[in-house]
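A short write-up of the structure that comes next.
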Amino acid sequence: MSSAAVVEYDALRDKTYRRARLGPDVAAFLAWFELGGASPISVDNYERALAVVCRMYPLTAIDKISDGQLAQVFRTFPAKSRRVRVAPYRTFFKWARQTRRIQDNPMDLLPVIRRQPKRQHDVFSESEIDLILSLPVVDAAPCAVLLDAGLRRTEAMNLQVRHCLPESGTVKVISGKGGKDRRVPMSGRLQQMLADLILLEGLKPTDHLFYGVRANGQGARRIVRDHAVAEGTFARWWRRSLDEAGVRYRRPHDARHTFATTWRRRGLAADDLAIIMGHESLRTTSDLYVVITPQEVAERMASIEASEALL
């Protein structure tokens, strides 16, 4: 007997959740949420989360949803992501109360979900960074953008040469998370690598830094930079780069963790780090991207004691 593949429900492909009694209200909320400036990624994530209650209780109207029903919905979310996936419900029912769709907010009767214990991120070591940046500059320079500027994957994929000219001294992120622009100061190493890349590859200001490869019928391959690479192209490039450098695979986002952790350990203030990483909340920077080990704390304490002894 053949086993059928289990496919996770995707609200963005299957819109049948809108047939539920709650469906039109979810659709109206998402339109309001987008109109308020939410990014497409945030709208997508909210839609996926809210589709779950529509599927589980298709006959229940918005003013009849109870805290008990919501508790059952939230129990279906993995513990590690439960706090994040419940957040859309808090915004949704707050909007429903504001627009007089409901008189009482069922979310008020539910407990606040505790934060999961802070986990240690798998950052790259200095020796691994040296190996990665020893690759040919066509790959090393884009890797340096991730490791030395801490860009998110989608931000890096859309990066053009005109946004990171070495003489400017900054990497300009256009429409980052939340649709916001920001500038990230370049390290001297990143400036040099970008200068080498632009010179050796003869790049134009509108060329994209991250490239794709196109093959013709004769098997010849050429690099293309006239448009942003797709997710799959980026993923293959990243894996190949780490393989060629002889470095154990980590996610592209771990390069961002590495950037934040490196600068925090070097003494950069968390609020300064939050600005260049594009975080609205300082707590995000402290909770998610900064790895401080007990050994590092012990070393700092020893350093303070040694300084005091000299006084």
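The values are calculated or read from the model by the stated rules, or taken from the named source; none is laboratory data. Bear in mind the structure is a predicted one, so any value in this text is a computation, not a measurement. Note: ideal-geometry Cβ built from the backbone for every residue, glycine included; neighbour counts use all protein chains shown. With ligands, DNA and RNA removed, areas are computed over all heavy atoms of the protein, side chains included. Shrake-Rupley method; radii C 1.70, N 1.55, O 1.52, S 1.80 Å.
Mind checking the stretch 140-197 for trypsin sites (Lys or Arg not before Pro) that DSSP puts in a loop (not H, G, I, E or B) and that have at most 13 other Cβ atoms within 10 Å?
Lys180
What Kirkwood hydrodynamic radius do you get for the stretch 161-226 when you take the inverse of the mean 1/r over all pairs of distinct Cα atoms, in Å?
In the stretch 161-226 this quantity evaluates to 13.4 Å.
Return the carbon/sulfur percentage of the accessible area of the stretch 95-199, one whole number, probe 1.4 Å, all protein chains in place.
49 percent
What accessible area per residue comes out for the stretch 138-199, rounded to a whole number of Å², with a 1.4 Å probe?
On a per-residue basis, 40 Å².
For the stretch 115-261, what number results from the quotient of the Cα radius of gyration and 2.2 N^0.38 Å?
Against the empirical 2.2 N^0.38 Å value, I get 1.04 for the stretch 115-261.
For the stretch 23-108, compute Rh as the Kirkwood radius over C-alpha pairs and then the Stokes-Einstein diffusion coefficient at 20 °C and 1.002 mPa s; write the answer in µm²/s, rounded to an integer.
Answer from the Stokes-Einstein relation: 164 µm²/s.
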